[in-house]
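Notes follow once the structure below has been shown.
The values are calculated or read from the model by the stated rules, or taken from the named source; none is laboratory data. It should be emphasised that the depicted structure is a prediction, and the values quoted were computed from it without experimental measurement. Because the Cβ atoms are built from the backbone with ideal geometry, glycine has one as well, and the counts that use them run over all protein chains shown. These area figures cover heavy atoms from the full protein model, side chains too; ligands, DNA and RNA do not enter into them. Shrake-Rupley method; radii C 1.70, N 1.55, O 1.52, S 1.80 Å.
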2 protein chains.
Amino acid sequence: MADGSNTVQARALLQQCLHAHLQVRPADGDAAAQWVEIQRGLVIYVCFFKGADKELLPKMVNTLLNVKLSETENGKHVSILDLPGDVLIIPQATLGGRVKGKNMQYHANSGKEEGLALYSQFVSLCEKALAANSKCAEAGVVVAHGTYGNRQVLKLDTNGPYTHLIEF
Amino acid sequence: MADGSNTVQARALLQQCLHAHLQVRPADGDAAAQWVEIQRGLVIYVCFFKGADKELLPKMVNTLLNVKLSETENGKHVSILDLPGDVLIIPQATLGGRVKGKNMQYHANSGKEEGLALYSQFVSLCEKALAANSKCAEAGVVVAHGTYGNRQVLKLDTNGPYTHLIEF
């Protein structure tokens, strides 16, 4: 890109949790809201930018699941695959915002259809990676994820979120 | 900077909350852990980089407290000052990390003393700004903050964190 202003294709924000609870369907009439939850593990907030290529996704999933940010009982840092721990994926388009005066603008964000396709494939690759990992399969870890386009009603309990930003 | 690799002086991550609870002193012997809490408002995770200038702080506080990210009962977005709502400031040095292989490196982060000085002044400026705002003063909003250098044990309850990243 000539002006170098935005060569980032995706932004992921990682937080460690003891427990997290995310609404995946709001209450509707008599139907109660639906929630997913995870126990000890990793929360991945994800946002895609315009021009993000789906070929990026395997590398992205590989990096996020292998970076050593999860703390063992002994205080050692290992990957979420090695912990092993649960994963909660939250679509978070707001992460793509830029301040303009007193407002945020989201001009660099991927379009809705494109963003949904990338998000769905990202979730699917995470699920496959955890299912293929013997430690995770044995421990019965869970991959949960939010509904793209919904309000992400989240309750988070941590022993220190240890927040990290990783861009791709 | 010749290579333009890091001209960012500070990174702030914003999340909206209904309620948040942060440990400011761990349990020690017979002494129970100490916590601060806020009700509806804004959580600001903050990280300073090497070379961050304290002259940046007033502008930074001004931007963060005036950007319209807080949702009113009617679904309109206003600043945290206009909501008015509580503010919880969390020092989060991990936000300065960069992936290197399977590990994170924090080479760009400000040193401890420098970081503590910037953080303390940032907190103080936020407190002053909310105290000087008549809406906030009348509503009795709270500014709470974490202890620099501690583990930030956090419990967060949201109606959608609406996560934003703002760099300075």
Along the charge dipole of the protein assembly as shown, which of A:Leu116, B:Thr163, A:Phe168 sits closest to the positive end, that is, farthest toward it, with unit charges on the beta carbon of Lys, Arg, Asp and Glu (+1, +1, -1, -1)?
A:Phe168
Taking just the alpha-carbon atoms of the range A:52-168, what radius of gyration and Dmax come out, in angstrom?
15.7, 51
Using the Karplus curve 6.51 cos²θ - 1.76 cosθ + 1.60 with θ = phi - 60°, work out ³J(HN,Hα) for each residue of the range B:120-132 in order, rounded to whole Hz, and write x for Gly and Pro.
4, 6, 4, 4, 4, 5, 5, 4, 5, 5, 6, 5, 7
Restrict the search to the range B:57-113; then list the GluC sites (Glu not before Pro) that DSSP places in a loop and that have at most 15 other Cβ atoms within 10 Å of their Cβ.
B:Glu73
Under 5 Å, built H, 5+ apart or other chain: amide partners of A:Lys50
A:Asn109, A:Ser110
Can you compute the radius of gyration and Dmax for the protein assembly as shown, using only the Cα atoms, both in Å?
19.5, 61
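Work out the length of the dipole vector of the protein assembly as shown about its Cα centre, built from +1 on the beta-carbon of each Lys and Arg and -1 on the beta-carbon of each Asp and Glu, and round it to the nearest 20 debye.
The dipole magnitude comes to about 560 debye.
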For chain B, modelled as a GNM with alpha-carbon contacts under 10 angstrom, which of B:Val123, B:Val142, B:Val153 fluctuates the most?
B:Val153
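Tell me the total accessible area that A and B bury against each other, 1.4 angstrom probe, in square angstrom rounded to 100.
Working: alone 9620 and 9610 Å², together 16170 Å².
Approximately 3100 Å², summed over both chains.
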Range of Cα positions in the range B:4-120 per principal axis (Å), largest first:
47, 44, 31
Grab the residue from chain A whose Cβ hugs the A-to-B rotation axis most tightly, plus its distance in whole angstrom.
A:Leu156, 2
Given the whole protein assembly as supplied and a 1.4 Å probe, what does the accessible area of A:Asp28 come to in Å², nearest 10?
120
Where is the GNM fluctuation largest for chain A (alpha-carbon springs, 10 angstrom cutoff): A:Cys136, A:Cys47, A:Cys126?
A:Cys136
Among B:Ser124, B:Ser70, B:Ser110, which one shows the biggest mean-square fluctuation in a GNM of chain B, springs joining Cα atoms closer than 10 Å?
B:Ser124
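Return a single number: how many Lys pairs in the range B:100-168, at a sequence separation of 8 or more or on separate chains, have alpha-carbon atoms below 26 angstrom apart.
Values: B:Lys100/B:Lys112; B:Lys102/B:Lys112; B:Lys112/B:Lys128; B:Lys112/B:Lys155; B:Lys128/B:Lys155.
Number of lysine pairs found: 5.
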Under 14 Å from the 7 Å Cα→Cβ point of A:Trp35, by amide nitrogen: which residues of the range B:126-168?
B:156-160
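Run the accessible area of the range B:44-111 with a 1.4 Å probe and give the carbon-and-sulfur part as a rounded percent. Write out the running numbers ahead of the final one.
Values: 1380 of 3000 Å².
After summing per-atom areas, the C and S share lands at 46 percent.
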Can you list the residues of the range A:153-168 whose accessible area drops by at least 40 Å² going from the chain on its own to the full set of protein chains, with a 1.4 Å probe?
A:Leu154, A:Lys155, A:Leu156, A:Thr158, A:Asn159, A:Pro161, A:Thr163, A:His164, A:Leu165
Exercise: per-residue mean of other protein chain Cβ atoms within 10 Å, B:100-107:
3
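So if I average 1/r over every pair of distinct C-alpha atoms in the range B:45-89 and take the inverse, what Kirkwood radius in Å does that give? Don't skip to the answer; put the middle values down first.
Working: mean 1/r = 0.0839 Å⁻¹.
Here the Kirkwood hydrodynamic radius works out to 11.9 Å.
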Along principal axes, largest first, the alpha-carbon spread of the range A:1-64 in whole Å comes out as 53, 30, 20
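Could you work out the mean count of beta carbons from other protein chains within 10 Å of each residue's beta carbon in B:86-98? Provide the component values of the computation, followed by the final result.
Numbers: counts 0, 0, 0, 0, 2, 0, 6, 2, 10, 5, 2, 8, 4.
Average neighbour count from other chains, rounded to a whole number: 3.
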Given charges at Cβ of Lys, Arg, Asp, Glu: the range B:23-168 dipole, positive-most of B:Gln105, B:Trp35, B:Leu130
B:Gln105
How much accessible area per residue does the range A:35-168 have, in Å², with a 1.4 Å probe?
46
Per residue of the range A:31-44, in order, report the coupling 6.51 cos²θ - 1.76 cosθ + 1.60 (Karplus, θ = phi - 60°) as ³J(HN,Hα) in whole Hz, putting x for Gly and Pro.
7, 5, 4, 10, 10, 10, 8, 10, 9, 3, x, 10, 9, 10
Karplus-derived 3J(HN,Hα), 6.51/-1.76/1.60, for each residue of the range B:150-158, Hz, glycine and proline x
7, 6, 9, 5, 10, 10, 10, 10, 10
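Please express the shape of the range A:52-119 as an equivalent ellipsoid: the semi-axes are the square roots of 5 times the eigenvalues of the C-alpha gyration tensor, given largest first in whole angstrom.
Details: eigenvalues 183, 57, 19 Å².
Semi-axes (√(5λ), whole Å): 30, 17, 10.
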Using the Cα centre as the reference, give the magnitude of the dipole from point charges on the C-beta atoms of the range B:27-76 (Lys, Arg: +1; Asp, Glu: -1; all else neutral), rounded to the nearest 20 debye.
400
